Amino acid sequence: MAEAFNRSAHSAAFEVAADLLASSTHTVVLAGAGMSKESGIPTFRGEGGLWTINGEPPLNQYDTFSQDPGLWWQRRLEQGRSDAFAQALEQSEPNDGHRALAELEDIGIVSHLITQNIDDLHRRAGQTSIIEIHGNRYWLRCISCERRWPCQEYIIDETALPPTCDHCSGVIKSDTVMFGEPIPSTALRRSGDETAQADLFMTIGTSALVYPAAQYPIEALQRGLPLIEINPEPTPLTELATVAIPGPSGQVLPALVELVRKRLANTVARKNYQED
Ligand code: NAD
Ligand code: ZN
């Protein structure tokens, strides 16, 4: 159940954010784990986050994988992924925030989404222009050529682990970026290109502490772009943002879409009146 958020206490911020969105044609969004909290997936940082409660996990996962990818795969196939976090991911459905963000793409405002989430919920809500900068847990990736496949399209031969790529013979791993693993260069390039073309930047549900993802809003600010932040808790970006709305994305984004749609309808009505 989402916490109560008093929208009317922030009506001025909503109006500023809606004005910025309605006049943008190339908004780039950086989304983080907070976006999926209302889908029942815990965040890592922030109030109630898994790391806030349990502390940080070992940061050498990619070293372990690289030392013996075959053994990593053997364990993965034997043990599966059955911890509480994996179960929350399996049971999750897109929430109103995911759907509202997809609507902003549909009406030509959001051009591109850089998501740190691995849960596939943006795609399931209808977002099409996405870079999953930390990967997608339902996909596999070749660590050499960076080709990606949905898991169900790739048959793993359990007698020949680790699986290797048909195109370049590189080792295949889960697409999710492990601690210590470099972010795939194609994802970084596309995120940088999109940010360079943006006329507005928006961050949603991210603590803005994880680099390189956190560098994109900074780059946008350095280019003089306006920044909208949606996050119930303050982050290092809050003070720098043009407008910060301190509410849950599942409530803030649908309300923003409503305000943006009204502005767009008024613009069309005004244009029709002028042409009559
Ligand atoms: P984070 O866990 O570091 O921070 C989450 C942020 O979300 C916090 O700042 C918190 O205040 C905010 N938040 C909490 N509830 C919110 C809500 N209802 N609406 C909007 N914001 C809310 O997340 P991060 O910055 O994305 O970085 C952690 C890394 O962990 C990411 O790289 C991601 O790959 C991974 N992760 C992914 C998932 C997922 O796929 N759903 C979940 C947890 C962690
Ligand atoms: Zn390959």
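The values are calculated or read from the model by the stated rules, or taken from the named source; none is laboratory data. Keep in mind it's a predicted model, so treat the numbers as computed, not measured. With ideal geometry, Cβ positions are generated from the backbone for all residues, glycine too; neighbour counts draw on all protein chains shown. To get the accessible areas, we keep the full protein, side chains included, count just its heavy atoms, and leave off ligands, DNA and RNA. Shrake-Rupley method; radii C 1.70, N 1.55, O 1.52, S 1.80 Å.
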Filter segment 170-195 for residues that are touching a residue at least 12 places away in the same chain (Cβ under 8 Å) and more than 21 Å from D119 (Cα to Cα) and give the result.
G170, V171, G192, E194, T195
In segment 228-256, how many are free of Cβ contacts under 8 Å to residues at least 60 places away in the same chain and polar (S, T, N, Q)?
2
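Listed here are the residues, each with its yes/no results for (1) within 15 Å of ligand 1 (Cβ to nearest atom); (2) in a helix (DSSP H, G or I).
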{"position": "Y211", "(1), (2)": "yes, no"}
{"position": "Y216", "(1), (2)": "yes, yes"}
{"position": "E233", "(1), (2)": "yes, no"}
{"position": "E239", "(1), (2)": "yes, no"}
{"position": "V252", "(1), (2)": "yes, yes"}
{"position": "V257", "(1), (2)": "no, yes"}
Taking the condition of being more than 16 Å from ligand 1 (Cβ to nearest atom), more than 17 Å from S185 (Cβ to Cβ) and open to solvent by 50 Å² or more (accessible area, probe 1.4 Å), how many residues in segment 121-148 meet it?
1
What is the one condition in (1) under 28 Å from R124 (Cα atoms); (2) more than 16 Å from ligand 1 (Cβ to nearest atom); (3) touching a Leu at 6+ places or on another chain (Cβ under 9 Å) that P69 does not satisfy?
(1)
Mind checking whether some residue in segment 243-265 is β-branched (V, I, T) and open to solvent by 20 Å² or more (accessible area, probe 1.4 Å)?
no
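Which residues, taken from segment 149-168, are surrounded by fewer than 16 Cβ atoms within 10 Å (Cβ to Cβ), touching a residue at least 24 places away in the same chain (Cβ under 8 Å) and within 16 Å of ligand 2 (Cβ to nearest atom)?
Taking segment 149-168 as the starting set, the residues that turn out to be surrounded by fewer than 16 Cβ atoms within 10 Å (Cβ to Cβ) are 149-160, 166-168.
If we keep only those that are touching a residue at least 24 places away in the same chain (Cβ under 8 Å) as well, we get 156, 158, 167-168.
If the condition is that a residue be surrounded by fewer than 16 Cβ atoms within 10 Å (Cβ to Cβ), touching a residue at least 24 places away in the same chain (Cβ under 8 Å) and within 16 Å of ligand 2 (Cβ to nearest atom), then I156, H167, C168 are the ones that fit.
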State all residues of segment 179-206 that are open to solvent by 20 Å² or more (accessible area, probe 1.4 Å), hydrophobic (A, V, I, L, M, F, W, C) and over 15 Å from the mean Cα position of the chain (by Cα); if no residue qualifies, say none.
F179, A196
Odd one out for I204, checked against (1) at pLDDT below 95; (2) among the hydrophobic types (A, V, I, L, M, F, W, C); (3) closer than 27 Å to T242 by Cβ:
(1)
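Hey, any hits in segment 54-74 for a residue that's of a type in the set (A, V, I, L, M, F, W, C), more than 16 Å from N231 (Cβ to Cβ), open to solvent by less than 20 Å² (accessible area, probe 1.4 Å) and in contact (Cβ under 8 Å) with a residue 12 or more places away in the chain?
Residues of segment 54-74 of a type in the set (A, V, I, L, M, F, W, C): 59, 65, 71-73.
Add one more test, that the residue is more than 16 Å from N231 (Cβ to Cβ), and what stays is 59, 65, 71-73.
Now restrict to residues that are open to solvent by less than 20 Å² (accessible area, probe 1.4 Å): 65, 73.
Adding the requirement that they be in contact (Cβ under 8 Å) with a residue 12 or more places away in the chain leaves 65, 73.
Looking for residues that are of a type in the set (A, V, I, L, M, F, W, C), more than 16 Å from N231 (Cβ to Cβ), open to solvent by less than 20 Å² (accessible area, probe 1.4 Å) and in contact (Cβ under 8 Å) with a residue 12 or more places away in the chain, one finds at least one in segment 54-74, hence yes.
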Members of segment 196-227 that are more than 18 Å from I183 (Cβ to Cβ) and free of Cβ contacts under 8 Å to residues at least 40 places away in the same chain
L221, Q222, R223, G224, L225, L227
Mind checking which residues of segment 158-204 are away from ligand 1 (no atom under 16 Å from the Cβ), farther than 12 Å from I131 by Cβ and acidic (D, E)?
E158, D166, D199
Identity of the residue in segment 1-50, within 14 Å of ligand 1 (Cβ to nearest atom) and open to solvent by 70 Å² or more (accessible area, probe 1.4 Å), that ends up farthest from T235 (Cα to Cα)
M1
